[in-house]
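What follows is one structure encoded as C-alpha cells, with my remarks underneath.
The values are calculated or read from the model by the stated rules, or taken from the named source; none is laboratory data. If you're wondering where the values come from, they're calculated on a predicted model, not measured in any experiment. Backbone-built Cβ (ideal geometry, glycine too); neighbour counts: all protein chains shown.
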Amino acid sequence: MKRSTFPSLVILMLAAIVAVTSTSAAIVPKQGSSAFGAGQFRFFSARTERTEIWSFSFEAISNKNGQTRGRAQFNNLTTQTQVVVRINCLNIFPDFDSTFAVMSGRVLQSDDPDLPKMEKILFAASDGPFLPISVSDTITPLFPLPPFAEDCHDTQPLTILPVEGGDVQIQP
C-alpha cells in the first residue's frame, strides 16, 4: 500500500510546485520605460532678471501598461526654495543621437511661490547623444502644465538647458 501512495504523492507535490511557480510569475509586472537623473543647471529667470542655479533629482518608472510612478525634487540654490513633485506621466522619444523624456505630475511640497502645492507641472530631460560630440545631457526647469494639456502626452517644454555635474539616463 505504501508503494501506490508514494508516486501519487510525488505527482501531487510536483503539480502544486508548478501551479505556484506559474501563478507567481504571472503576478510580477513587467517594467516599461524609465528615466532617472540628478545634477545641476543654470536658468535665466525673466521674473527675477538673474541667472539661478538649480539642483535636481528625479526618477520615473512606467509599467508595461504605461502607468507611471515617480518623484522629482528641484532646489533653487539661488533663492533657497524647494519643489517636490509626484510624477504620474512619462513620455519617451528615442532619437538617432539621444533619448528625450517628458514628465508631468503634481507638486507635493513647495516653498516656491511660482509653483504652489497641487499645481500640475511639466518638465523634460534628455540622455545626451549616443555619438561622441560635446553636447551633454539636458534638463528643463519645472513649468506649470498649460491649460490645454492633460499630461505629458499632450505637450512638451521648449527651454532645454545643459546638465552640469550630473547625469540623465533614459530607457525607452
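Observations
- Any hit, segment 101-119, residues being of a type in the set (Asp, Glu), at pLDDT 95 or above, surrounded by 14 or more Cβ atoms within 10 Å (Cβ to Cβ) and assigned to a strand (DSSP E or B): no
- Check on Ile87, among the β-branched types (Val, Ile, Thr), without any contact (Cβ under 8 Å) to a residue 60 or more places away in the chain and within 16 Å of Gly70 (Cα to Cα): yes
- Among the residues of segment 136-172, those that are outside any strand (DSSP E or B), touching a residue at least 24 places away in the same chain (Cβ under 8 Å), farther than 17 Å from Val107 by Cβ and in contact with a Pro (Cβ under 9 Å, 6 or more places away or on another chain) comprise Ser136, Asp137, Thr155, Thr159, Pro172.
- Test for Ile87: is it surrounded by 13 or more Cβ atoms within 10 Å (Cβ to Cβ), closer than 19 Å to Gly166 by Cβ and over 18 Å from the mean Cα position of the chain (by Cα): no
- Residues in segment 45-76 that are loosely packed, with under 12 Cβ neighbours inside 10 Å and not polar (S, T, N, Q): 5 in all.
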